1. To the nearest 10 degrees, how steeply does helix 117-126 sit against the main Cα axis of the chain, on a 0 to 90 scale?
2. What is the Cα centroid distance between region 21-87 and region 168-201, reported in whole angstrom?
3. Excluding same-chain pairs closer than 8 in sequence, count the lysine pairs in the chain whose Cα atoms lie under 26 Å apart.
4. For region 9-52, state the average projected area of the convex hull of the C-alpha atoms over all orientations, rounded to one decimal in nm².
5. With only alpha-carbon atoms counted, please give the Rg and Dmax of region 107-206, in Å.
6. For region 101-144, list log₁₀ I(q)/I(0) at each q in 0.29, 0.31 Å⁻¹, using the Debye formula over Cα point scatterers of equal strength and ignoring solvent, two decimals each.
7. If we restrict to alpha carbons, what Rg and Dmax does region 174-214 come to, in Å?
8. Have a look at region 48-117 and give its Rg and Dmax from the Cα atoms, expressed in angstrom.
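The values are calculated or read from the model by the stated rules, or taken from the named source; none is laboratory data. The structure presented is a predicted model; accordingly, all values stated were derived computationally and were not measured. In this analysis, Cβ positions are derived from the backbone assuming ideal geometry, glycine residues included, and neighbour counts consider all displayed protein chains. Note: accessible area is taken over every heavy atom of the protein model, side chains too, but ligands, DNA and RNA are not part of it. Shrake-Rupley method; radii C 1.70, N 1.55, O 1.52, S 1.80 Å.
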Amino acid sequence: MRIDWVQQKGEGVLVVFFNGWGMDCRAVAHLQTDADLMICSDYRSLEAEGGIPDFSPYHTLYVVAWSMGVWAAANVMPEWGVQPDRLVALNGTERPVDNLYGIPVRSYELTENGMTEQGREKFFARMFADRREAALFSVNKPRRILTEQVEELCLIHKLSSEHKKCIKWDKIYISEKDLIFPPANQRHWWEDKAPTTTLAGGHYPFYHFTDWQEIL
């Protein structure tokens, strides 16, 4: 798992963001914060690149996770031995490849098998419910190698069947027109687990916000 420090002043407050599949820091580059910001991505392994981060400078730790990052956060945070002050999940579950609680297995396998350059562009297009947001994403589109993203997709499938930890979340966002993670499956998973808020739009939710505090 890749760790990127977008902002690292060590002044007490840290936001840790667990990214979605295939993404990099560009995915949320427009979101502002005065806090330090650490972004986790590339789930070909759940072992942190460079070892477990040093959280000792921070008295307040927030975790925000999106899509596959929800599963990753649930399995990584207990291993890191820290208790966040607030955990927020967007458009994902702790069972990411699952017919009832995540992306249906058949749909996931079709995505795996069809992940060409053209298939990747189709996937990105499906993350949005309207053309305006899809056009905006040209600024936030990741710059990663396709073969690496395909490998990540396959390894998430494998690793998510082996690593099934669950943690307590404080808030859940579900987009009503999510074509990647079916909203009904998300609701099945989060029922009685955490308060949920419905967003308009598709799988990528971040154009609803201008800064991290709004999400939290």
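1. The angle comes out near 70 degrees.
2. 20 Å
3. Going through the chain pair by pair, I get 13.
4. On the way: hull surface 14.6 nm².
Mean shadow area of the hull around the Cα atoms is 3.7 nm².
5. When restricted to the Cα atoms of region 107-206, Rg and Dmax are 15.0, 40 Å.
6. The computed values of log10 I(q)/I(0) come out as -1.04, -1.08.
7. When restricted to Cα atoms, region 174-214 yields Rg and Dmax of 10.9, 29 Å.
8. Final numbers for Rg and Dmax: 15.2, 45 Å.
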